[in-house]
Structure formats: C-alpha cells, structure tokens
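Structure first, then comments.
Quick note: the coordinates plus some simple rules give every number you see, no bench work behind them. Predicted, not measured: the structure shown is a model, and the values here were computed from it. Neighbour counts are summed over all protein chains in view; Cβ atoms, including those assigned to glycine, are modelled from backbone coordinates with ideal geometry.
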Amino acid sequence: MKKVVCAILILCMIQGRANAAQFVSLKSSKINMRVGPGDEFPISWVFLRAGLPMMLIAEFQHWRKVRYLDNTEGWMHKNMISGRNTAVVTKDNALLYKKDSKSYPIARVEKNVIVRVLEKRNNWIKVDINKLKGWMSKDDLWGIGDDTL
C-alpha cells in the first residue's frame, strides 16, 4: 500500500515536458539510470559514454526522467546531465560536408559517433567531431530538438 501511495504522489508531482523535444547530454562516462526519482530506486542501466544525448521527458525535484535513442527510459540526478548540445550519428557512413550538400564531403562518419552541435540551419547541423568541423543532415542525427541552439 505504501508503494502505491508513493507512486501516485510521484505521478502527481512530476512536471511533464512540453511537446517540443528538449535534449540534454551526459556529463561523465559512468552514470546510473534508475527506475524512479531517488537513490532508493534500483539502477536499471549504467551508461558509460560521456556526451550521450538524452531526451528530457519529465522532472521531479532534483531528478530528470530521460529517454535514450533506443527508447530506454529512466531517472537520472540533475547533476549528472548537462545542457550541452550533442547528437549521435544514426546512419552508417553519414557524410560530413564542408558547407552543405552542394559542397564536397570532407569525411564519412560512423554510426554511434557522438558529435557536438554548433549551429542549426533548417535541415543542416554544424557539428564538431574532435575538432573536425562541418555540416551534417539532421536526418543522420539523433538528439536535435526544436530548442537546440
């Protein structure tokens, strides 16, 4: 009974996010994702890559409910996430262009590479990959929200 009451209270207090997708990124290379918003909840996943983008879907006190690219959902403490704009490449051999698709490609980027997002122009995203800067199609990336830049 106590767990049911606790669950109802948590659901009542959670502030849902607006329809616009908002993304955050992981601050360090080992972050626990929990079943609920608190240290007393069991760990469901451990993420091991700093900079991974996560979709922010809810907030409760110092906890943020996030969703990863594969639809894994859970809670992370707000100190473990950052507002830094990153994205993950979703297509094998995605092209990185000097300016846009009318310019020449300067690199092929492997799937699951994390990029830092620098700028957004319509369907084109300027990214930084270990100091290599260029433009990628938004269709080849996950982690670009309506509020990105």
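Worth pointing out:
- Boolean, ASN71 is out of contact with any Asp or Glu (no Cβ under 9 Å at 6 or more places or on another chain), among the polar types (S, T, N, Q) and surrounded by fewer than 16 Cβ atoms within 10 Å (Cβ to Cβ): yes
- Criterion (part of a loop (DSSP other than H, G, I, E, B) and either in contact (Cβ under 8 Å) with a residue 24 or more places away in the chain or touching a Phe, Trp or Tyr at 6+ places or on another chain (Cβ under 7 Å) (or both)) met by exactly one of LYS102, LYS111, LYS91: LYS91
- In segment 81-129, the residues that are among the polar types (S, T, N, Q), farther than 30 Å from HIS62 by Cβ and loosely packed, with under 14 Cβ neighbours inside 10 Å: ASN93, SER101, SER103, ASN122, ASN123
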